[in-house]
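Encoded as structure tokens, the structure appears first; notes follow it.
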Amino acid sequence: MNTWRLSFSGVATVLSLELSQRIRSKKMYIALGVWFVFMGFITWLINQFFYAALYLEAEGVSGWLFSLITLFVMGMSLLVAPVFSASAIVSDREHGVLATLQATKLSAVEIAAGKLLASWLVSLAFVVVTIPYVGYAVWLGGVSLQQVAVATAVVFIEVALICTIGLGWSAITSRAVISTVFTYLSVAFMTVITLIIFATATAMTVSDEQVSDWELPLSAERSYVADLNAWFASSSNSAAPPAPPWEQCAWVERGYSSSIAHTEYTWWLLLVNPFVIVADAAASPTVPLQDSVLDSTDPLALIKLGVRSARIGDAAGADNCGASTTWLGDYRIAPRSDGTFTITSPDGIAVISAPGTKPTSPFAGYDIDDPVWPWGMASNAIIAAAFFYLAVRRLSVPYGVLPSGQRVA
Amino acid sequence: MTDYPALSSPPAAPNTQPAVPGIFARNVRRTFGSVLAVADVSFTAPAAAVTALIGPNGSGKTTLLLMLAGLLRPDVGQINVAGFDMARSSYEARIRIGWMPDTLGTWDSLTCAEILTGYGRAYGMSKAFATERAHFMLRQLFLAEYANAPARVLSRGQKQRLGLARALVHDPQVVLLDEPASGLDPRSRIELRDLLRSLADAGKTVLVSSHVLSELEEIADHSVFLQRGQSIDVRAIERNATVRGWRLEALDPAALQAFLNSRNLPWRPGSAATTEVIVNLPDQQAALALLREAVAAGVPLHTIAPVSGRLEETYLSLDGERQ
Ligand SMILES: Nc1ncnc2c1ncn2[C@@H]1O[C@H](COP(=O)(O)OP(=O)(O)OP(=O)(O)O)[C@@H](O)[C@H]1O
Ligand SMILES: [Mg+2]
């Protein structure tokens, strides 16, 4: 039929009908004003706290300011979006105008898209008024404009997701109240309940395992250190020092056990979480865990680090086989991108090794630099598509089966 | 862009046009779970005529109209509207139909003009044309002064007229009205009647469900009776219902009653507020004969009239009850 017929003018018609109703209401402007003042107050609080209480530099403050504002805007958007979307279809049904709309030339998908767009735009107004405060964080320095753009884009997209979920619920319920409750439950599920499930599931993966490290056996290490000693001792070196013999790496048992949480099996439970997605996409860059010093310790960076480490997971043992900086004897061995190694002697003399065998790691898996957010976005897109499809199906006429207790008009 | 002629414009050449298809339904049935709302309905509503849809509460009128409007799928049966088969081309049919539900619904915060413009655009009109059309419809239905008033403030009858304007905004070929007269004052009813007449004269198919039978009697060219979701063969009922009640009233009630008793005519008292009596007579000839005799016998008879309209008579002779 014409359920999926989509025209620009059809969507625009529904959109303008919806928007002119919302724009008419004064409550909307009052809420926006209150929200603007409230966000200003939060910004001022964070600012005062870090400047006055912690004597932080402007850059440190800006990272925290940006993080907290982003998380706050995300949280409030998740609370605002259901208000505008969860009544979209069901309120028209309650007012007895839905059937007259369906009887026109408009197709189900045009009605659904118009209403979705309207609730999305109205919710976005709440995101947009916070931009001056994010701008303040940028002005302090330390946060790049790109981060701001990414964070804003992610919030926009997540609001669209919540609006679609609200639209879906509003299509299948017969009361605006019920639809609103279900939409808030969905938000709670995506943010808090998945977190609880993640924690519980992770706790169940914890097991005691024998610790063994993947590294050069002591004998191989000794003989290589001896080679290096000889190389540094000789005064006339025409060739580069030998590369570490990584091909000899083996499991070395440590003789004790440790309890390991296998988050690599459970991390995906965090994927749908909008806070995780925005943090992973927009946080300041982190440096690898092994250096244990983070560029940035603001909340966004910590969430990002947390989810990425969870994906890498934990193992009873470490990879000391040249994948990252290691110590062999008193020599510091740091990998270089071209496959050679920087070898620093105890006297502080750094030289570059001859090309050698590339270290192989039994821990092959994700890297800390691999982003998580594309998967999160994809999972959200699937959820949104399902709810949108549901809404369109429920709007399409002529009705075959009607939910019991519901009249068309 | 479809060309929407003015509502009141006369048909280009009445009677010479090829017959425009109206509404055709055969063996239509619809259930809601275990509730049988429409059991078996067959009827035809020709174009250029007003057809009345009459039946007691719960007989399935609204359900039938929903199916005709392309909003509800019949379980079985065939429906053709404006020449399109509902089962295959419900969209084609739908956009040629103007449907007015029995429940009034509007967006409270929008003005009447905005609502009508919105619906005009929903039917694919350009913004400028939809606005023009909206104001035209408001004038047609005597709502021009409320053009910029929010629909919230309208009275029930005004809302009903707005609903009518909404159903007609795209100049539909087939008009389906579910109890359009409810809530209208006598003058508005007459205006509604004239409007429906002009629509029929312009070649539209008009199907009206209503309880106000006296109004339908004057306007409907055809009538379809529904009872327990079933269409009734009206001719069969009319054959049975030829004996009608007649209302007699005389200045001297006692003389009238004595006269009737002397003729062995059974009578019963009419409405309590008057001294009238009701007698059953087979036809108008009998009524005339009775009148002559009464006058000849010196009874001061001043009123003799059929008890009710034909539609009402038929309606009441349906043995079904309200549901
Ligand atoms: N969506 C529905 N679900 C269940 N039953 C329904 C539904 N719609 C209608 N019915 C039932 O079908 C029957 C016909 O209803 P309908 O609304 O068509 O009656 P109607 O002739 O329009 O009555 P009225 O004159 O009171 O408007 C009624 O018994 C009603 O209870
Ligand atoms: Mg009804």
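A few notes on this one:
- Every residue from segment A:224-263 that is within 30 Å of A:LEU305 (Cβ to Cβ) and part of a loop (DSSP other than H, G, I, E, B): A:PRO244, A:CYS249, A:ALA261, A:HIS262
- The set of residues from segment B:137-153 being surrounded by fewer than 20 Cβ atoms within 10 Å (Cβ to Cβ), over 22 Å from the mean Cα position of the chain (by Cα) and in contact (Cβ under 8 Å) with a residue 40 or more places away in the chain comprises B:PRO150, B:ARG152.
- Looking across segment A:1-15 at every residue that is facing chain B (nearest Cβ under 9 Å) and crowded, with 18+ Cβ neighbours inside 10 Å, the one that is modelled with the lowest pLDDT is identified as A:ASN2.
For (1) within 16 Å of A:ARG407 (Cβ to Cβ); (2) facing chain A (nearest Cβ under 10 Å); (3) open to solvent by 10 Å² or more (accessible area, probe 1.4 Å); (4) not hydroxyl-bearing (Ser, Thr, Tyr), each residue gets a yes or a no:
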position: B:VAL35; (1), (2), (3), (4): yes, yes, yes, yes
position: B:ALA45; (1), (2), (3), (4): no, no, no, yes
position: B:ASN57; (1), (2), (3), (4): yes, no, yes, yes
position: B:THR62; (1), (2), (3), (4): yes, yes, yes, no
position: B:GLY98; (1), (2), (3), (4): no, yes, no, yes
position: B:ASP102; (1), (2), (3), (4): yes, yes, yes, yes
position: B:TRP107; (1), (2), (3), (4): no, yes, no, yes
position: B:THR117; (1), (2), (3), (4): no, yes, yes, no
position: B:ARG121; (1), (2), (3), (4): no, yes, yes, yes
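- Where B:ASP85 falls short, out of the listed (1) surrounded by fewer than 16 Cβ atoms within 10 Å (Cβ to Cβ); (2) within 16 Å of ligand 1 (Cβ to nearest atom): (2)
- Residues (in a helix (DSSP H, G or I), open to solvent by less than 40 Å² (accessible area, probe 1.4 Å) and more than 16 Å from ligand 1 (Cβ to nearest atom)) located in segment A:388-409: A:ALA391, A:VAL392, A:LEU395
- Across segment B:64-85, the qualifying residues are those that are hydrophobic (A, V, I, L, M, F, W, C) and more than 16 Å from ligand 2 (Cβ to nearest atom), and the one among them that is nearest to the other protein chains (Cβ to nearest Cβ) is B:ILE79.
- Positions within segment A:92-109 being part of a loop (DSSP other than H, G, I, E, B) and either facing chain B (nearest Cβ under 7 Å) or hydrophobic (A, V, I, L, M, F, W, C) (or both), in sequence order: A:HIS95, A:GLY96, A:VAL97, A:ALA103, A:THR104, A:LYS105, A:LEU106
- Test for A:ALA113: is it within 16 Å of A:ALA384 (Cβ to Cβ) and either within 13 Å of chain B (Cβ to nearest Cβ) or buried (at least 24 other Cβ atoms within 10 Å of the Cβ) (or both): no
- Residue satisfying all of: in segment B:157-199; under 13 Å from the mean Cα position of the chain (by Cα) and among the small types (Gly, Ala, Ser); surrounded by the most Cβ atoms within 10 Å (Cβ to Cβ) among these: B:ALA181
- For segment A:308-383, the strands (runs of 3 or more DSSP E) that sit wholly inside it and include 2 or more residues that are open to solvent by 40 Å² or more (accessible area, probe 1.4 Å) are A:331-335, A:350-352.
- Counting only residues that are in a helix (DSSP H, G or I), open to solvent by less than 70 Å² (accessible area, probe 1.4 Å) and either within 30 Å of A:ASP92 (Cα to Cα) or touching a Gly at 6+ places or on another chain (Cβ under 9 Å) (or both), segment A:170-204 holds 12 of them.
The values are calculated or read from the model by the stated rules, or taken from the named source; none is laboratory data. All figures in this text were calculated on a predicted structure; none of them were measured in a lab. Note that each Cβ is placed from the backbone with ideal geometry, even for glycine, and that neighbours are counted across all protein chains shown. For the accessible areas, the whole protein counts, side chains as well, though only heavy atoms, and no ligand, DNA or RNA atoms are used. Shrake-Rupley method; radii C 1.70, N 1.55, O 1.52, S 1.80 Å.
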